[in-house]
């Protein structure tokens, strides 16, 4: 029987895509480890290339060099170990099925805290890099705008008319963004030594008082 040429042609790009994705992840893992251990400014693209087993040219072509790696690292970290982009994650989708605004808000806090725990080291790298790298400063600003956009949408979906009187949706999103910021998370869990559970409990109680109407 003659081989299925079309099937072979379909399989080859898939294999190449898988290999490219594996290489990209290897580069991002190497970059994150080196940024954390040496610092952003003391790490070179050649250092990352050597650690990942690729050429420096590959990193420049695929990720745009050192500053471009930061974008890839934060996106991959938010996606988590299953590599699911934020917009496709089931965690925040399931929140809408809960009965009350309080339940939905607390579930959203839990979801936010899981992401904060994963991304906290990366945000530390970005803050450090932003002191000397304009693209890192721009990435930090873009991440803030993205969090505000997502918080606005989710609070509208999950809380809606249950916001306390006099508090607009925009203000609620800004309050949530401040209270759930990577900077405050690092202060409480790293510098003050709070456990993840204590931080989540504090955040849930605080945003409930700040955002929800009381009976």
Restricting attention to the range 75-89, does a residue exist that is modelled with pLDDT of 90 or more and either over 18 Å from residue 129 (Cβ atoms) or not assigned by TED's automatic domain parsing to the domain that holds residue 156 (or both)? no
Is it the case that the range 91-111 has a residue that's at pLDDT below 90, surrounded by 14 or more Cβ atoms within 10 Å (Cβ to Cβ) and either in the same structural domain as residue 182 (by TED's automatic domain parsing) or within 19 Å of residue 135 (Cβ to Cβ) (or both)? yes
List the number of the failed condition for residue 41; all other conditions in (1) within 23 Å of residue 124 (Cβ to Cβ); (2) without any contact (Cβ under 8 Å) to a residue 24 or more places away in the chain; (3) outside any helix (DSSP H, G or I) hold. (2)
Would you mind stating whether residue 69 is within 18 Å of residue 140 (Cβ to Cβ) and at pLDDT 85 or above? yes
Matching residues, the range 199-215, being assigned to a helix (DSSP H, G or I) and in contact with a helix residue (DSSP H, G or I) (Cβ under 8 Å, 6 or more places away or on another chain): 199, 200, 202, 203, 204, 206, 207, 208, 210, 211
When residues of the range 152-195 are filtered for being closer than 28 Å to residue 97 by Cβ and outside any helix (DSSP H, G or I), how many remain? 8
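The values are calculated or read from the model by the stated rules, or taken from the named source; none is laboratory data. Values in this document were obtained by computation on a predicted structure and should not be read as measured data. As a convention, Cβ positions derive from the backbone with ideal geometry for all residues, glycine included, and neighbour counts pool all protein chains shown.
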